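Participant: Right, I'll just put the structure down here and ask away after.
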Protein chains: 4
Amino acid sequence: MSLFPSKSRLAHIVFESDDKASKRFDVVLLVLILLSVLVVILDSVSEYHQKFGTFLYAAEWFFTAAFTLEYFLRIWLSNKKIGYVLSFYGIVDLLAILPTYFSLFFFQSQYLTVIRALRFLRILRILKLTEHVNEAQILVSALKQSRLKIQIFLGSVLTIVLVMGSLMYIVEGPSSGFSSIPRSMYWAIVTLTTVGYGDIAPASNIGQFIASIIMLLGYAIIAVPTGIVTSELTAAKNRNEAKLRHKICHNCTLQDHALDAKFCKSCGAQLDG
Amino acid sequence: MSLFPSKSRLAHIVFESDDKASKRFDVVLLVLILLSVLVVILDSVSEYHQKFGTFLYAAEWFFTAAFTLEYFLRIWLSNKKIGYVLSFYGIVDLLAILPTYFSLFFFQSQYLTVIRALRFLRILRILKLTEHVNEAQILVSALKQSRLKIQIFLGSVLTIVLVMGSLMYIVEGPSSGFSSIPRSMYWAIVTLTTVGYGDIAPASNIGQFIASIIMLLGYAIIAVPTGIVTSELTAAKNRNEAKLRHKICHNCTLQDHALDAKFCKSCGAQLDG
Amino acid sequence: MSLFPSKSRLAHIVFESDDKASKRFDVVLLVLILLSVLVVILDSVSEYHQKFGTFLYAAEWFFTAAFTLEYFLRIWLSNKKIGYVLSFYGIVDLLAILPTYFSLFFFQSQYLTVIRALRFLRILRILKLTEHVNEAQILVSALKQSRLKIQIFLGSVLTIVLVMGSLMYIVEGPSSGFSSIPRSMYWAIVTLTTVGYGDIAPASNIGQFIASIIMLLGYAIIAVPTGIVTSELTAAKNRNEAKLRHKICHNCTLQDHALDAKFCKSCGAQLDG
Amino acid sequence: MSLFPSKSRLAHIVFESDDKASKRFDVVLLVLILLSVLVVILDSVSEYHQKFGTFLYAAEWFFTAAFTLEYFLRIWLSNKKIGYVLSFYGIVDLLAILPTYFSLFFFQSQYLTVIRALRFLRILRILKLTEHVNEAQILVSALKQSRLKIQIFLGSVLTIVLVMGSLMYIVEGPSSGFSSIPRSMYWAIVTLTTVGYGDIAPASNIGQFIASIIMLLGYAIIAVPTGIVTSELTAAKNRNEAKLRHKICHNCTLQDHALDAKFCKSCGAQLDG
């Protein structure tokens, strides 16, 4: 056994996660990702920046160097190099190192490296969370199923925002913060979504009356996406359970049997499986 | 083939959307609508108004002239002229041009032209989005079904708003912004809908106690419209799926049979399959 | 026919709503209620109070006198006088006139007369809204069914509010508005219900961290009452539809037939009713 | 009958709640808990602290002494002393007295005694609220069932908060309150959960545009946990109702049969009724 593993062994360690060495590699990687995100966050706090600025700057470049090395290692080890570069993980890996290099030219762009938090998705592979993945698929499929309804919904919301924003711009004017239609539309979104910062708020009587109507509208509208997602989730859940549940009786062809049924509930014939 | 198309050909181009010429007409129209809305929005930003005010003013009148021409063209081409004028699209088309003319007499009314965003609904016809329409119908039908429940709900909300608003007017008084019952009712709506601007907020202990109760009430109340819409959407979905699943009787063509039905429930004829 | 109706005829006009005279009485009453609520609201706006104060004060006393007369008329006409006084409508009728008399002794109590808005519930009787009542009963029954779950939920919310409010009182202190535990609890309710006025907001790092956790908690918690009400509404809806739907076949005792079924789907025998 | 009850009788009074003496003990305990929480709350209001500070301080120590006594009494009376100390109620009982003792060393820690509100859970035992417990179990089981979905959901929310917070830190900068990434993340949570204090709000055009997108995202995202909990609650409810409805096989005592089952699905024996 040589000191350096073979290329194929290295590829296994880097890309798989099913033995001791490859698992250790992934855990070290996750810790590095976590630390590097932490360094970026701490560096943004002026207090820490003043005290530990030099150290954090060095750490940031150390992590970026390590991730750059790892990126090229992955390309070198891949059988389908282009495939890796263009894959979801490949793009995330690239985006995770670019901002630090850009920061040499563009002020503050290094803070965009927090996007490397997305690299944490690799944790799914380590934990072999098939159950998680299944649950996530139900969620995603429910959202996909309701895509059309959500599009219609978003279209209606944006039209309301445009018309109501313009109306409030005319009614309230710049004195109470409605200084342009885009800003009024921002206010309409803040109100419809019930966020309500209060940085812009109607001051006139008519403005408050129109705002009240928008709020009650938002109150009714917020029920729609919830209703859509819920009914899709319920349907997805039912489909899932129905798939698991049904057996068919070969004697009377009744197919509405429970999972644990051994005999047909209609004719008493034995069920298989 | 002459340079100008015949009137019937022109009517086809303007009102249908099933060949190259008519599709191109609709796409150009949508782009014009989009641009005209953009012009109105930009004109409201004082910075752009000062720089490009004259150009935006000219563009606004150009679009209005174009849409006015198109409006009269549609009337001229319609077989049922009154029918078009009074139809939904006819009224929207008129509302989309009126505000600019009014702006000659009323200050700022030109911003109401954003209502021409509604003309964008024509996109549904171009894309032949029958599926979208079907989804939208489920949404609309679910909302219609829950109309009565929503009316009761709105009535209760308005009564709570009236009583709680008056109470807070007495308890808090003008010093903390509750300067009249209408303004207190505005605050109650801001609070019940969980928008919470904070432009008016209770300052006294009793006021904050009553406000807490209103908030917890609103917390419970927000569940009601969501519950209504969700249960209607689920029911609509089930009805839809049930329709797809059912068998058709070849004797009386009734198609609303359950999966396990062996005989037609309407005429008693045996069902196949 | 004398000029004055008999006492029994008068009782019919006042308490019933099924012929011309009694309907007209109810409509006049509703208009008076609406006007009297409007007078109270307008009187609270200082601008109108200064201009029309004397007139509004007179109107307020006129309406109160009219409703007082009506209240004693109803007592005189009732067969069960105590029964009317203690009934829901009887109490509302009394509460609708008391505040004005109290206003002679207690400053501003006349604004509590807005409670006469509750008298508007009589509209249900005029419109004979049996359908409304049925819908309302489903809502009320769904809320009753989930009463226990809502109690547990409210108990949990109040415990979270108490513990988190105290914690924030210790962490933030009076400098940023958390001047006492009751005020901190008010803040916790404002936050948990996602109202978020911003009149009190955490300023320290630890305070903002704890607040973030409370918000995410509230995000999860808001799902619970919605889920409870929705599942109860869905169940109530299903029960209602199931009741309407099921017929029993006298031949094979299968009871799972659709409402419009004329023949048993299992054996083909004719169904009755 | 001696003046002092025997140790076993005392244990019964303290730990059970099924006769007159033990019920009285529990009621007195609950009143003491309520009063002690009230004392802590009142002491935090500076007005009351100045007026009744000495009395409230004495009351606080009286309650703590009483609960300390009770705590050691419970340990002494328990058969499994370690078991009680480490049980949920044992830990709560300890946490309910510790803060007062700590307040001798750490300023203000006495306010943490509000945690003794948790001792109120004992009320469940007094009221023998088996129904409550059943309802609570449905709630808890529904939440447990959706644990995986909620974890995925929380992970997505935190990633959005991290990325969007960093973006806003770069775009807005310290001038409008986005003074560090942690603070920007706090703002992102305030916005996503629709709390919206307004203590930090975007001021630039790009910032308001990005904030609008976050809000619309939050609008869609808020539908997910509600959908999850609702579909789980509906499923739990259905399972519960299905259990009640099903028939029991007298041959093998399996009780999970459908309403229309004629033969036991486990052993094939005929079912009656």
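Participant: Answer yes or no: is there a residue in region B:52-63 that is more than 24 Å from A:S184 (Cα to Cα), of a type in the set (V, I, T) and modelled with pLDDT of 85 or more.
Facilitator: There is no residue in region B:52-63 that is more than 24 Å from A:S184 (Cα to Cα), of a type in the set (V, I, T) and modelled with pLDDT of 85 or more.
Table: residues versus (1) small (G, A, S); (2) within 30 Å of D:L233 (Cβ to Cβ).
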| site | (1), (2) |
| --- | --- |
| C:L158 | no, yes |
| C:S166 | yes, no |
| C:S175 | yes, no |
| C:I181 | no, no |
| C:A188 | yes, yes |
| C:T191 | no, yes |
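Participant: Does region A:201-213 hold any residues that are open to solvent by less than 10 Å² (accessible area, probe 1.4 Å) and at pLDDT below 90, and which are they?
Facilitator: none
Participant: Something else now. Take residues that are touching a Lys or Arg at 6+ places or on another chain (Cβ under 9 Å) and under 20 Å from C:G198 (Cα atoms) and tell me which of the helices (runs of 4 or more DSSP H) falling wholly in region D:143-243 contain 1 or more.
Facilitator: D:147-172, D:205-221
Participant: Going by what's in this entry, would B:C252 be described as surrounded by 22 or more Cβ atoms within 10 Å (Cβ to Cβ), modelled with pLDDT of 60 or more and not assigned by TED's automatic domain parsing to the domain that holds B:S156? Reasoning before the result, please.
Facilitator: On the way: surrounded by 22 or more Cβ atoms within 10 Å (Cβ to Cβ): no; modelled with pLDDT of 60 or more: yes; not assigned by TED's automatic domain parsing to the domain that holds B:S156: yes.
Here the answer is no, as B:C252 does not meet what is asked.
Participant: Looking at region A:140-158, I want the residues that are more than 8 Å from chain B (Cβ to nearest Cβ) and have a partner that is open to solvent by less than 60 Å² (accessible area, probe 1.4 Å) and of a type in the set (D, E) with Cβ atoms under 8 Å, at least 6 apart or on another chain. Which pairs are those?
Facilitator: Taking only residues 6 or more apart or on different chains, the pairs are A:A142/A:E232; A:L143/A:E232; A:Q145/A:E232; A:S146/A:E232.
Participant: Would you confirm whether any residue within region D:187-197 is open to solvent by 20 Å² or more (accessible area, probe 1.4 Å) and either more than 8 Å from chain C (Cβ to nearest Cβ) or in contact with an Asp or Glu (Cβ under 8 Å, 6 or more places away or on another chain) (or both)?
Facilitator: Within region D:187-197 (the criterion being open to solvent by 20 Å² or more (accessible area, probe 1.4 Å) and either more than 8 Å from chain C (Cβ to nearest Cβ) or in contact with an Asp or Glu (Cβ under 8 Å, 6 or more places away or on another chain) (or both)), the answer is no, since none of the residues qualifies.
Participant: Where the second residue is open to solvent by 20 Å² or more (accessible area, probe 1.4 Å) and among the small types (G, A, S) and the first is within 11 Å of another protein chain (Cβ to nearest Cβ) and lies in region D:100-119, which pairs have Cβ atoms under 6 Å and are six or more apart or on separate chains?
Facilitator: That search, which allows pairs on different chains as well, returns D:S109/D:S103; D:Q110/D:S103.
Participant: Being part of a helix (DSSP H, G or I), modelled with pLDDT of 85 or more and exposed (fewer than 12 other Cβ atoms within 10 Å of the Cβ) narrows it down to one of B:V85, B:V31, B:V37, so name that one.
Facilitator: Result of the check over B:V85, B:V31, B:V37: B:V31.
The values are calculated or read from the model by the stated rules, or taken from the named source; none is laboratory data. In this text the structure is predicted, and so the values were computed from the model without any measurement. Cβ coordinates were reconstructed from backbone atoms using ideal geometry, including for glycine residues, and neighbour counts include every protein chain displayed. Remember, those area values only see protein heavy atoms, side chains included, never the ligands or the DNA or RNA. Shrake-Rupley method; radii C 1.70, N 1.55, O 1.52, S 1.80 Å.
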